[in-house]
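Structure first, commentary second.
The values are calculated or read from the model by the stated rules, or taken from the named source; none is laboratory data. Bear in mind the structure is a predicted one, so any value in this text is a computation, not a measurement. With ideal geometry, Cβ positions are generated from the backbone for all residues, glycine too; neighbour counts draw on all protein chains shown. These accessible areas exclude ligands, DNA and RNA; they are computed on the full protein's heavy atoms, side chains included. Shrake-Rupley method; radii C 1.70, N 1.55, O 1.52, S 1.80 Å.
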Amino acid sequence: MLFLGSYELGGIINNQSTLKNAIVLTVTAQEKRVIPSVNILKTNQTSPAKKALAAITESNALEEIKNVYLTFDDGPTKYTEEILDTLLENQAKATFFPLKNNIDRYPQIVKRIVREGNAIGCHGVTHDVTQFYATPNTTLNEILSCNQSLSDVTGNTSKLIRVPFGSYPYMKESHRELINNAGFIMWDWNIDSEDWTLTSDDQVKNSVETQLAQLAKKNITPVILFHDKKVTSEALELIIKLLDDQDYTFSTITEDLTPLQFRPAD
């Protein structure tokens, strides 16, 4: 299924400041993946393996600290320990959005994520479009269930969430309203590492590098989507070096930041 349309990207971070004015972009996205940024600069994508097209243009100037936000979805898995090892060895921090069943399966890894100074949020339960987005209540209930497991393991809940496959087009206004009223803060991304479809560490690194260069031209703070996968654990060292060489600071998402979200245009 092919989705065409104009979307508004709300609340993109510009490093330690927030972008106050409304931002509109045009994006062509296939199925479940979107790689939005700001305003309009279409990129032509011919590879059928790609599931999203990015649009990237202007933002405010970077502040002195160049933040980058590494985010990891769907874990923990048997590869999360390797990801954590690499982060620790490089003194880098990240934000993790685990699934309830994986929290229950790997409680010691979840504890390690928090113990080593990374941020953690919730990603739901089923990771199934039909079930998760069936009604606003099913969406909220999955987040609450995930948060309960997180509390059982760590002693704390989190307001940070990322919904499966990104918030557009599945999160309707009624879903958003219920999530917002419950106090949750929803985050999307503006770089898709494509580790969910690519098969080698070099491919994942190159995917990130290409999109990073586009964002850097416009002084847009990168929020990078990864998953707790084998190829990601293999590529992470390369990507951290790439970012380190460009003087990025590895920061965690916190509840006081204005979230980056995909939004339908008015």
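A few comments on the model shown:
- D245 meets all of the listed conditions (1) within 21 Å of F72 (Cβ to Cβ); (2) free of Cβ contacts under 8 Å to residues at least 40 places away in the same chain but one, namely (1).
Here's the yes/no breakdown for (1) among the acidic types (D, E); (2) buried (at least 21 other Cβ atoms within 10 Å of the Cβ); (3) touching a Pro at 6+ places or on another chain (Cβ under 7 Å):
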residue: T138; (1), (2), (3): no, no, no
residue: T210; (1), (2), (3): no, no, no
residue: L215; (1), (2), (3): no, yes, yes
residue: I220; (1), (2), (3): no, yes, no
residue: K230; (1), (2), (3): no, no, no
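- Some residue of segment 225-237 being part of a loop (DSSP other than H, G, I, E, B) and within 27 Å of Y79 (Cβ to Cβ): yes
- Of residues in segment 160-174 being touching a helix residue (DSSP H, G or I) at 6+ places or on another chain (Cβ under 9 Å) and open to solvent by 10 Å² or more (accessible area, probe 1.4 Å), the one nearest to I120 (Cα to Cα): F165
- Residue list for segment 175-194, filter: more than 13 Å from Q211 (Cβ to Cβ), of a type outside the set (F, W, Y) and surrounded by 23 or more Cβ atoms within 10 Å (Cβ to Cβ): M186, D188
- Among the residues making up segment 83-110, those that are surrounded by fewer than 21 Cβ atoms within 10 Å (Cβ to Cβ) and farther than 12 Å from F250 by Cβ are D85, E89, N101, D104, R105, P107, Q108.
- Flag for F72 being touching a residue at least 60 places away in the same chain (Cβ under 8 Å), at positive phi and open to solvent by less than 70 Å² (accessible area, probe 1.4 Å): no
- Every pair of residues 6+ apart whose Cβ atoms lie under 7 Å, when the first sits in segment 179-191 and is in contact (Cβ under 8 Å) with a residue 12 or more places away in the chain while the second is acidic (D, E): I185/E255
- T199 being hydroxyl-bearing (S, T, Y) and surrounded by 22 or more Cβ atoms within 10 Å (Cβ to Cβ): no
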